[in-house]
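A.B. asks: Please see the structure below; I have some questions.
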Amino acid sequence: MNTTRRFWFYTVTLITLGIFITGVGQLLALLFDVLIKSSYGTQIGGANFHEQQLSLGLAMMVIGGPLWFFFWQAVQRRVKGNPEEIGAALRKLFLNFILLISAITAIIAASDFIKWLFSGVQRADFSPGGLATMIVAGIVWFYHRQLSESEGHPSSAARTLRRWYVYPLALFGLVWLAVGLVQLINTAFSNLPIWGNILIKGQFWNSIAQSSIAMILLGAATWYLHWFRMARDDFDSTLRQVYFYLATISGGAITALVYAIILLDRFFLWVFGGTVVSAVPRFQFLGWAVPAILVGIAIWGYHLRKAQEEAGRVQERRQSSQRIYYYLMAILGLGTTATGLSNLFGILIDTGTSLTVSNGWWQNQLAISLGLLLVGTPLWLYYWNGILKRVQTGGITEWRALSRRIFLYVIVGTSIILLAADLVNIIYQLLRRLLQGNPDSNFMHAAKWSLQTLIVAAALLWYHWQVLRADQRRGAETVVTRKHVTLLADDRTGDLAARLENKLGYQVRTLYQLGQTGAPMAGLPDEEIDNLVSEIQSAASSKIMLVQLNGKITVLPYREK
Amino acid sequence: MNSSRRWLGIFTAVIGILAIVAVLLVLFTNGRKVTLLDENTPQGTVQRYLIELKDTNYAKAYAYLLFSPSDKISTYNDWLTSNVSPYSYNQTTWKATLGKVTQDGNNATVDVMVDTFRPGGIFSNSQYSQQIVFILTKTGNSWFITSPTYLYWMF
């Protein structure tokens, strides 16, 4: 099939499937409504309603069903025994799109159904449409999953599109599991008979507890199936690295850190005798803060360990997600530390100028400052140190990396804007007082925020400006004439391509020669890599083919006809 | 026969049975009359009020309502003109399922789940569910609905 024909077939099949399953869903909802929910003794207008539902359901099923069957069979006939059709990107997009949508729909509907079961199977609360949706979406998912897994994923596009279903679903399951756990523990904690001054209290077994358990069960099942079964052994995948570093590790870390700051803030506030204006008991926040920290650490720790275990099997070029994660965590740590420091300077300025501040103000400021510093500083030190080590060993690729450039320019830019705004305010306050002949009137108070941020911004600017200039001196921002370099070699580990990329500063396309063993090529000495790079750079053509033959790499400049 | 074809066959058979059962259920349960509850109970009053609305007997439905002076409705015509539009009354199909009844002396509440059927295209949700709490008060031997006295929920 050509692409247009394929696109037409799959689009029409998808639309007719939508009509068909909506019709089936209507009939199933009708069935459940009559058999489970309806009691003609207490229901008014049921007959009319069901006639309408039956008419619409039958019409959609009778028209959509045969049409879907006809188009689907036509597609299947063309696919049968044809690996090119089986691995076609459009087919895999169709299958994985249906899998993703039907799985999420079925999980959401299932959570409502489980909640209804837990709440005591009250007929009045039963949702016939919800149960029908769960069953129909579940069947659609099951059928397409059987088909997708049985025919395999013979092309690179097929494997990539499968990943776009597997990893989002694994993340969805993990988030549901985590949120369900935190919600359940919090509900249990807030229902403990230890909180005084409670006028009225609900029961533990309420709709939040029921929906939390439903989320835990469904989230755990979804995560297990997609992460431990479907994503198992899928090491050579960029999306897996994105899942690790940008979703689960960063997500878990940010969750744990945010709640740790809140926990420390409330702890120091208690130590310093500050006040929290809230109707709930003082320590009831532990019910959500502690489980959120523990769940965040568990997600962070597990995925970080797993990513480190797999690091040896991952191609070097797929590690850009790891680099982004390091810079992301470093900027988070730095931002948190800078905010904590700035607040701390604020307290010192207040103390130094003996200004009258509202009662309990400094306790609140000190508590939040210490919380921010205790979380942010170790985080920044750890990740910035990791970045320095990467830069030492990574060479030009690390200096040139987009994430590093963005990190440095964001910090330098933000510091300059902050400094400018602070200086404008300080000079304005000073000049105004001088011109009005009243230089002492409350200057420190008016310029306090500017002074405290100015000190931090100046330090940040000075340090990161040095780093930026050092990178520029190393050639991190010099314009490189990029060439289209293709490597035809038995380089399955990606080591050779990664070493060339490090020296060249841009990507090298890799092709594998058919019929080779897949055994790693013996490591080339650094001098030979340098020679290859200099040959590539001095070649007259912008297109270069590197061919590995008998353990030797030949540089072949070429041009297209 | 491969696995996916076998499943397709099973699903087709199940869907065929589903369609037949659905048709039979609607045909055989259609003629059943609603069992009337005791009129002198809160649920019986709400049931009769809803039946009259279903049958568009608005004058009879109005007799089950009790208005407070703040409602500014003193006659049947006031209520009818403020609730029933000649263009909208027959455009939706709805069913109501009586739920929990709570009685406290001369006051009561009756939970009613109203499902409205509004087909709007092949990919839109054709059903809309809402829970309405009817508040009733007892005057003499009869119960009267004091809220909601408007009918917007059924359109």
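The values are calculated or read from the model by the stated rules, or taken from the named source; none is laboratory data. Since the structure is predicted, the reported quantities are computational estimates derived from the model, not experimental observations. Note: ideal-geometry Cβ built from the backbone for every residue, glycine included; neighbour counts use all protein chains shown. Keep in mind that these areas ignore ligands, DNA and RNA; they rest on the heavy atoms of the full protein, side chains included. Shrake-Rupley method; radii C 1.70, N 1.55, O 1.52, S 1.80 Å.
A.B. asks: Which of the residues spanning the stretch A:219-238 are of a type outside the set (V, I, T) and open to solvent by 30 Å² or more (accessible area, probe 1.4 Å)?
C.D. replies: A:A220, A:A221, A:W223, A:Y224, A:L225, A:F228, A:R229, A:R232, A:D233, A:F235, A:D236
A.B. asks: Kindly indicate which of B:Y128, B:Y87, B:Y152 is over 18 Å from the mean Cα position of the chain (by Cα), at pLDDT below 85 and open to solvent by 70 Å² or more (accessible area, probe 1.4 Å).
C.D. replies: B:Y87
A.B. asks: Could you list, ordered by first residue, the pairs with Cβ atoms under 6 Å in which the first is in the stretch A:145-167 and within 14 Å of another protein chain (Cβ to nearest Cβ) and the second is outside any helix (DSSP H, G or I) and not polar (S, T, N, Q), at least 6 apart or interchain?
C.D. replies: none
A.B. asks: For residues that are within 13 Å of another protein chain (Cβ to nearest Cβ) and either of a type in the set (A, V, I, L, M) or touching a residue at least 60 places away in the same chain (Cβ under 8 Å) (or both), tally how many sit in the stretch B:45-63.
C.D. replies: Of the residues in that region, 7 qualify.
A.B. asks: Could you say which residue among A:F70, A:F118 is touching a residue at least 60 places away in the same chain (Cβ under 8 Å) and open to solvent by 10 Å² or more (accessible area, probe 1.4 Å)?
C.D. replies: It is A:F118.
A.B. asks: Among the residues of the stretch B:39-52, is any modelled with pLDDT of 80 or more and open to solvent by 90 Å² or more (accessible area, probe 1.4 Å)?
C.D. replies: No, the conditions are met nowhere in the stretch B:39-52.
A.B. asks: Same structure, new question: Just one of (1) under 30 Å from B:G44 (Cβ atoms); (2) buried (at least 16 other Cβ atoms within 10 Å of the Cβ); (3) of a type in the set (K, R) trips up A:K92, so point out which.
C.D. replies: Only one criterion is unmet by A:K92, namely (1).
A.B. asks: Still on this structure: Anything in the stretch A:20-51 that is within 7 Å of chain B (Cβ to nearest Cβ), in a helix (DSSP H, G or I) and open to solvent by 30 Å² or more (accessible area, probe 1.4 Å)? List them, or say none.
C.D. replies: Hits for the stretch A:20-51 are A:T22, A:N48, A:E51.
A.B. asks: Now a separate question. Just checking, does the stretch B:103-115 include any residue being surrounded by fewer than 16 Cβ atoms within 10 Å (Cβ to Cβ), on the phi < 0 side of the Ramachandran plot and at pLDDT below 85?
C.D. replies: No, the stretch B:103-115 contains no residue that is surrounded by fewer than 16 Cβ atoms within 10 Å (Cβ to Cβ), on the phi < 0 side of the Ramachandran plot and at pLDDT below 85.
A.B. asks: Given the criteria more than 8 Å from chain B (Cβ to nearest Cβ) and either farther than 21 Å from B:Q127 by Cα or among the acidic types (D, E) (or both), does A:I86 qualify?
C.D. replies: yes
Yes/no per residue for (1) closer than 30 Å to A:K92 by Cβ; (2) under 19 Å from the mean Cα position of the chain (by Cα); (3) not polar (S, T, N, Q):
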| site | (1), (2), (3) |
| --- | --- |
| A:V140 | yes, no, yes |
| A:S211 | no, no, no |
| A:G219 | yes, yes, yes |
| A:R229 | yes, no, yes |
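A.B. asks: Which residues, counting only those in the stretch A:121-144, are within 19 Å of A:A221 (Cβ to Cβ), in contact (Cβ under 8 Å) with a residue 24 or more places away in the chain and open to solvent by 40 Å² or more (accessible area, probe 1.4 Å)?
C.D. replies: A:T133, A:M134, A:I135, A:W141
A.B. asks: Another question about this same structure. If I filter the stretch A:79-98 for residues that are free of Cβ contacts under 8 Å to residues at least 40 places away in the same chain and either in contact with a helix residue (DSSP H, G or I) (Cβ under 7 Å, 6 or more places away or on another chain) or under 21 Å from A:I139 (Cα atoms) (or both), do I get at least one hit?
C.D. replies: The answer is no; no qualifying residue exists.
A.B. asks: Scan (1) surrounded by fewer than 16 Cβ atoms within 10 Å (Cβ to Cβ); (2) at pLDDT below 85; (3) part of a strand (DSSP E or B) for the single condition B:L98 breaks and write down its number.
C.D. replies: Going through (1) surrounded by fewer than 16 Cβ atoms within 10 Å (Cβ to Cβ); (2) at pLDDT below 85; (3) part of a strand (DSSP E or B) one by one, B:L98 breaks only (1).
A.B. asks: Further, regarding this structure: Can you list the helices (runs of 4 or more DSSP H) found entirely within the stretch A:370-474 that contain at least 3 residues being under 30 Å from A:Y245 (Cβ atoms), open to solvent by less than 50 Å² (accessible area, probe 1.4 Å) and at pLDDT 85 or above?
C.D. replies: Ranges flagged: A:402-435, A:443-473.
A.B. asks: Which of the numbered conditions does A:V62 fail, given that it passes all the others? Conditions: (1) touching a residue at least 12 places away in the same chain (Cβ under 8 Å); (2) within 12 Å of chain B (Cβ to nearest Cβ); (3) of a type in the set (V, I, T); (4) crowded, with 18+ Cβ neighbours inside 10 Å.
C.D. replies: The failed condition is (4).
A.B. asks: If you don't mind, there's one more thing I want to ask. Being open to solvent by 30 Å² or more (accessible area, probe 1.4 Å), in a helix (DSSP H, G or I), more than 12 Å from A:S250 (Cα to Cα) and at pLDDT 90 or above is true for just one of A:G335, A:G340. Which residue is that?
C.D. replies: So the residue among A:G335, A:G340 that is open to solvent by 30 Å² or more (accessible area, probe 1.4 Å), in a helix (DSSP H, G or I), more than 12 Å from A:S250 (Cα to Cα) and at pLDDT 90 or above is A:G335.
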